[in-house]
């Protein structure tokens, strides 16, 4: 991939160099932190959950019309949970369209953050899945309930501290 | 004249998880007013195996046999992405021959997947016969797969840094035979299906998805392209060696089921063309397994250089996924198949998030079927092309 | 009136078009009736598994060094390797080896990574049993070789597409002994030699 | 008109010759044709199911049933045996009466309608004056059975299927009847025997299909819809309604539906043959050969041969149509319910009406050709 060669120099030079999107956001007054670029050189922005909605809206207005991938990460037992978003500017005949990744860290004991469903409808099921597997609550989501696991499942299976039950009750067929 | 007011209770009908046209174990809770659909709620999870959790406890080598069980009809793509993710994270170089072989395999797999979309789609609107015709061609693809990989569906063929084995003797010839045989067959399908007035009536103007909606709902693959977006990751990301070939992105602007049909039919033709070109340009001898040439050429011949190998370096069973994160994707037949991988310098990935195209594409279903007829649910669901293995993972 | 007639004309045209295209579809299905069935009549005709076919695993007891690589590369750590450390020889001695084919998915990882090639894939794929525990093969059962389809007089062997001669698409058309497409290694070698007769190996 | 073979008269005369009273002889005769036609109809339906399998297999490059008898001809028998000994399951909350009576109500009218199918001048169970009309009216009883089955099954798919069957049957009854009306107008009779006789004399050129091409198509489409064959098999649309009204049926109940649908199909094909393709008439009139060979039409041997040819001809035409129906089934997709009703009410009905009017006009203008 061509993107790999984008800025290997800047990555090493400045520990956290703000990319163009980050600079634009800063110029518009949206608070966020730049993290290391990911391996393909996509800017990763760390956003506080209070600012997620405004930042996301700004990015949406900036042209990031396509939410590629949304998911959760568990940073480890007892540590924070992360909700990440990969955004792309989708256009016809695109060549290396701009991409950006957002990461929102939420504390494990209070994993709440606003939903992005109203900006990108595609967040609907992806956020439900993250809720289902990580227990991250997306406030304002129209239908936040378990999607892959049975509705009466106890626990959040993808968390690192989840203990697989030795014995499964036969789930009631609906 | 006053109309007599009749009030009917809406009927809630439960389609699935075992219903003839639910493509596996999808369950739809459909609210009907007579024959009209008021609402529909998909219920997933009947095939959920927590593939992501499994991935966190497996090395890449151990995990590879699992991945063909996501999208079990486009198996090569799941393997490709599983291999690509750690490969790109570790910056493993892939020989050109291996890339060509990968492209051939991927496109064959795309043909197989589109074929097994075409049959059930037509069966969903009521025509059973194409189902049998597509199996005839699909069997041939699978015969080719079996000869090269050892299995028809669960190949376990891609490896970090290349593919598991070189193509066997005579495989290229037979693959070319297949291409020349297959293109007229597509014409035959078109003759049987495309202009059939009943088929046209069933799919034209049904399940129309506008360009804006398609983007906003995160559609990908034929769903997105049928809605008028010229977006094909093979072109956008320039991965593997797709730039070496002359092919066109298939897209239509109507956004209905018929447009999706046309896009997929067109893609089968394009895939066939790509395969033909790739077979011609296969580095290291147009036709055969290279071993004989290598031995003939001696240890210092060009046949022994990096580009002419089918695997760069055989990966160790405890191949370490380096620290770092990224999101990789391929254009699978159903859409964008992506993996977000977060490595922490251990054989196991810390996080392995799968972005299955079917899962994302399926969520637009309630949107599309509202206000349509019962029979349209099947046509629309068929045109979305979901495989529950990857939706539920 | 004319407008109405035009409508009628357009309607008729539509109907004729519809009839035409349905007729076209009928010709396709009708044409298939004269084609040879592509099905293979399974118990009487069988496809010869390909060379790389991953069937039941064959195990050579004497070659095994009990290294347990097969266990480590297996997605579910399936092979059971029972060994004892022989202190005199300072070597692991294999006591027992078994694979449960009721659970195995024939991914071939164990065969690929086995350092001594004591594991290999056979072409046996008809593993049905009345009891699933019968599928748990011990080292003796794993050492048995399957019977080749070609040797079975009750079966008409067929080849898959990739093993047919060039241009042949239907396995019914040719005998299975006919040579398949592609050049043999020695032929490639001969070709190579013919191309550069001057150059000599160092 | 020649009299041809009259088995009834011969039979009754023979019995009277043994000294039986004419009334008793008549009574003895009565059940015979019924039993024969019952057995015959069942047999033809079984053949139809076998044909369905073989033709669909051939159209899909398969072999189809092969090992049950030569070419798998015993497969229908195996089917029947299987379905007979299969457990009959009735859902717990189904209505027992409706559920059990449904299949019977579906099959009986179809069997009853075989009364009027002629295979020769006298080779018909009853030559009713209202012939075709009887069939049209009787066949509209079947949807009641479907509705009963659909409603009684206590299953939503079944209910939808039953409702669809009713709607479909009502909409296609009308164009069907109108198409028949045009034929009746030309033949000045509703009797099937008269209709065939009216087409006789000119071989293939005399058949109604030339005088009623539009009517033929309307009748064929409507008949397919009445039989719930594939472009119109919405009541049992597998992909939508699982199996429609027969979802909950197994064993004998299912067999009755299955048999009913094929009996109905064969019946429709027979009727198309009778109404439009000259019934038992050969493409070249048999009389031509008979007189050409210098034989008398009333020669007993000739009569038997003519009757045999008549039966063969009728069945041949019917099975040719059946083949078309099967091939069509395996070629086209299914229409949607609104499109189905559109086609019935907005296309077939007006066209049938126009056809009727044109027929009437032609009849007035050319009474010789169009049956004055």
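The values are calculated or read from the model by the stated rules, or taken from the named source; none is laboratory data. On a predicted model such as this, the values are computed, not experimentally measured, just so you know. Ideal geometry is used to build each Cβ from the backbone, glycine not excepted, and the neighbour counts take in all protein chains shown.
Determine whether residue D:25 is touching a residue at least 12 places away in the same chain (Cβ under 8 Å) and either surrounded by fewer than 14 Cβ atoms within 10 Å (Cβ to Cβ) or more than 26 Å from the chain's Cα centre (by Cα) (or both). Steps first, please.
Values: touching a residue at least 12 places away in the same chain (Cβ under 8 Å): yes; either surrounded by fewer than 14 Cβ atoms within 10 Å (Cβ to Cβ) or more than 26 Å from the chain's Cα centre (by Cα) (or both): yes.
When the stated conditions are applied, residue D:25 passes them.
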Task: Residue ID - nearest to residue C:157 (Cα to Cα), chosen from residues in the range C:111-121 that are crowded, with 19+ Cβ neighbours inside 10 Å and under 20 Å from the mean Cα position of the chain (by Cα) - done: C:121
- [ ] Inspect the range D:339-356 for any residue being part of a helix (DSSP H, G or I), exposed (fewer than 15 other Cβ atoms within 10 Å of the Cβ) and within 14 Å of chain B (Cβ to nearest Cβ) and give the result as yes or no.
- [x] yes
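Got a number for residues in the range B:61-77 being in a helix (DSSP H, G or I) and either surrounded by fewer than 19 Cβ atoms within 10 Å (Cβ to Cβ) or within 21 Å of the chain's Cα centre (by Cα) (or both)?
To start, the set of residues in the range B:61-77 that are in a helix (DSSP H, G or I) comprises B:61-67, B:75-77.
Subsequent filtering for residues that are either surrounded by fewer than 19 Cβ atoms within 10 Å (Cβ to Cβ) or within 21 Å of the chain's Cα centre (by Cα) (or both) retains B:63-67, B:75-77.
Total satisfying the criteria: 8.
Taking the conditions exactly as written (under 24 Å from the mean Cα position of the chain (by Cα), in contact (Cβ under 8 Å) with a residue 24 or more places away in the chain and surrounded by 14 or more Cβ atoms within 10 Å (Cβ to Cβ)), does residue D:316 satisfy them or not? Lay out the reasoning, then the answer.
Numbers: under 24 Å from the mean Cα position of the chain (by Cα): yes; in contact (Cβ under 8 Å) with a residue 24 or more places away in the chain: no; surrounded by 14 or more Cβ atoms within 10 Å (Cβ to Cβ): yes.
The answer is no for residue D:316.
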TODO: Test residue A:124 against the criterion of being surrounded by 15 or more Cβ atoms within 10 Å (Cβ to Cβ), at the interface with chain B (Cβ under 10 Å from one of its Cβ atoms), out of contact with any strand residue (DSSP E or B) (no Cβ under 9 Å at 6 or more places or on another chain) and without any contact (Cβ under 8 Å) to a residue 60 or more places away in the chain, and give yes or no.
DONE: yes
Task: Filter result (facing another protein chain (nearest Cβ under 7 Å) and part of a helix (DSSP H, G or I)) within the range B:157-177 - done: B:171, B:173, B:174, B:177
Task: residue B:94, sole failed condition from (1) at negative phi; (2) assigned to a loop (DSSP other than H, G, I, E, B); (3) touching a helix residue (DSSP H, G or I) at 6+ places or on another chain (Cβ under 9 Å); (4) surrounded by fewer than 24 Cβ atoms within 10 Å (Cβ to Cβ) - done: (4)
Task: Per-region count, the range C:17-40, residues within 8 Å of another protein chain (Cβ to nearest Cβ) and either in contact (Cβ under 8 Å) with a residue 60 or more places away in the chain or in contact with a strand residue (DSSP E or B) (Cβ under 6 Å, 6 or more places away or on another chain) (or both) - done: 2
TODO: Name the one entry in C:168, C:103 that is within 14 Å of chain B (Cβ to nearest Cβ) and exposed (fewer than 13 other Cβ atoms within 10 Å of the Cβ).
DONE: C:103
Open item on the list: Looking only at strands (runs of 3 or more DSSP E) that lie completely in the range A:77-129, which have at least 2 residues being under 27 Å from residue B:211 (Cβ atoms)?
Closed with: A:81-88, A:99-106
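One line per residue, one yes/no per condition, for (1) more than 30 Å from residue B:310 (Cβ to Cβ); (2) touching a strand residue (DSSP E or B) at 6+ places or on another chain (Cβ under 9 Å); (3) crowded, with 22+ Cβ neighbours inside 10 Å:
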residue	(1), (2), (3)
B:152	no, no, no
B:156	no, no, yes
B:166	no, yes, no
B:170	no, no, yes
B:174	no, no, yes
B:188	yes, no, no
B:193	yes, no, yes
TODO: Looking only at the range B:310-355, count how many residues are within 10 Å of chain A (Cβ to nearest Cβ), under 14 Å from the mean Cα position of the chain (by Cα) and outside any strand (DSSP E or B).
DONE: 0
Open item on the list: Could you tell me how many of the residues in the range B:186-221 are more than 18 Å from residue B:250 (Cβ to Cβ), assigned to a helix (DSSP H, G or I) and away from chain A (no Cβ under 14 Å)?
Closed with: 9
TODO: Find the residue count for the range B:327-355, including only residues that are at positive phi and touching a strand residue (DSSP E or B) at 6+ places or on another chain (Cβ under 8 Å).
DONE: 1
TODO: Taking residue D:294 as the residue in question, decide whether it is closer than 21 Å to residue D:112 by Cα and part of a loop (DSSP other than H, G, I, E, B).
DONE: no
Open item on the list: All but one of (1) in contact with a strand residue (DSSP E or B) (Cβ under 9 Å, 6 or more places away or on another chain); (2) within 14 Å of chain A (Cβ to nearest Cβ) hold for residue B:381; state the number of the condition that does not hold.
Closed with: (2)
Task: Check on residue D:332, more than 17 Å from residue D:183 (Cβ to Cβ) and in a loop (DSSP other than H, G, I, E, B) - done: yes
TODO: Can you give me the number of residues within the range D:216-239 that are modelled with pLDDT of 85 or more and either within 14 Å of chain B (Cβ to nearest Cβ) or more than 13 Å from the chain's Cα centre (by Cα) (or both)?
DONE: 6
Open item on the list: So, in the range B:125-156, exactly how many residues are outside any helix (DSSP H, G or I) and either facing chain C (nearest Cβ under 8 Å) or modelled with pLDDT of 90 or more (or both)?
Closed with: 4
Open item on the list: Here are the criteria: (1) within 14 Å of another protein chain (Cβ to nearest Cβ); (2) outside any loop (DSSP other than H, G, I, E, B); (3) at pLDDT below 90. Tell me which single one residue B:300 does not satisfy.
Closed with: (2)
Open item on the list: Here is a list: D:68, D:57. Which entry is assigned to a helix (DSSP H, G or I), out of contact with any strand residue (DSSP E or B) (no Cβ under 6 Å at 6 or more places or on another chain) and within 30 Å of residue C:172 (Cα to Cα)?
Closed with: D:57
Task: All positions within the range C:123-165 that are more than 14 Å from every other protein chain (Cβ to nearest Cβ), within 30 Å of residue B:171 (Cα to Cα) and part of a loop (DSSP other than H, G, I, E, B) - done: C:126, C:127, C:145, C:146, C:147, C:148, C:152, C:153, C:154, C:155
Open item on the list: Restricting to the range A:52-95, name every residue that is buried (at least 23 other Cβ atoms within 10 Å of the Cβ), more than 8 Å from every other protein chain (Cβ to nearest Cβ), in contact (Cβ under 8 Å) with a residue 40 or more places away in the chain and out of contact with any helix residue (DSSP H, G or I) (no Cβ under 8 Å at 6 or more places or on another chain).
Closed with: A:56
Open item on the list: Given (1) buried (at least 16 other Cβ atoms within 10 Å of the Cβ); (2) touching a residue at least 40 places away in the same chain (Cβ under 8 Å), identify the lone condition not met by residue D:250.
Closed with: (1)
